[in-house]
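Notes follow the structure.
Values quoted throughout were computed directly from the atomic coordinates according to the rules given, and no laboratory measurement underlies them. From a predicted model like this one, the values you see are computed outputs, not experimental measurements. So basically every Cβ, Gly included, is an ideal-geometry build from the backbone, and we count neighbours across all protein chains shown.
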Amino acid sequence: MHYLLMYELADDYLELRPEHRGAHLALAWAAAERGELLLAGAIADPVDSALLLFQGDSPAAAEAFARADPYVCSGLVKNWRVRPWQTVVGEHASNPVR
């Protein structure tokens, strides 16, 4: 199953990001190496949100990531939420439909 972790970024995100980026990326790459996090990045023009795509049997990995994320803990993220994503097309779809 896929889960989207959606971040609503603070207005001063770009100014505050450099201080926390190394720790955030270390957390993200560790989740990717465990096979939990598939893709992640900010939405550009404007940079006001970010999406992180997780896979697993439950939303637990995505929720734990958000709770531990230096961006969240330092106020760079105003709000976050996790939603299940019913992927049906593509090589990595969790519920392929033809």
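Here are some notes:
- Region 38-93: C-alpha pair distances exceeding 14 Å, %: 61
- Amide H contacts of SER94 (H built 1.01 Å from N, in plane; Pro and chain starts excluded): THR87 sit under 5 Å, all sequence-distant by 5 or more or on other chains.
- Estimated inter-spin distance, ASP48 and LYS78, nm [label 7 Å along Cα→Cβ]: 0.8
- Eigenvalues of the alpha-carbon gyration tensor of region 2-85, scaled by 5 and square-rooted, set the equivalent ellipsoid semi-axes at 20, 14, 11 angstrom, largest first.
- Loop sites in region 1-77: trypsin sites (Lys or Arg not before Pro), DSSP, at most 13 other Cβ within 10 Å: ARG34
- Normalised by the number of residues in region 2-85, the average gap of Cα pairs under 8 Å and 6 or more apart makes the relative contact order 52 percent.
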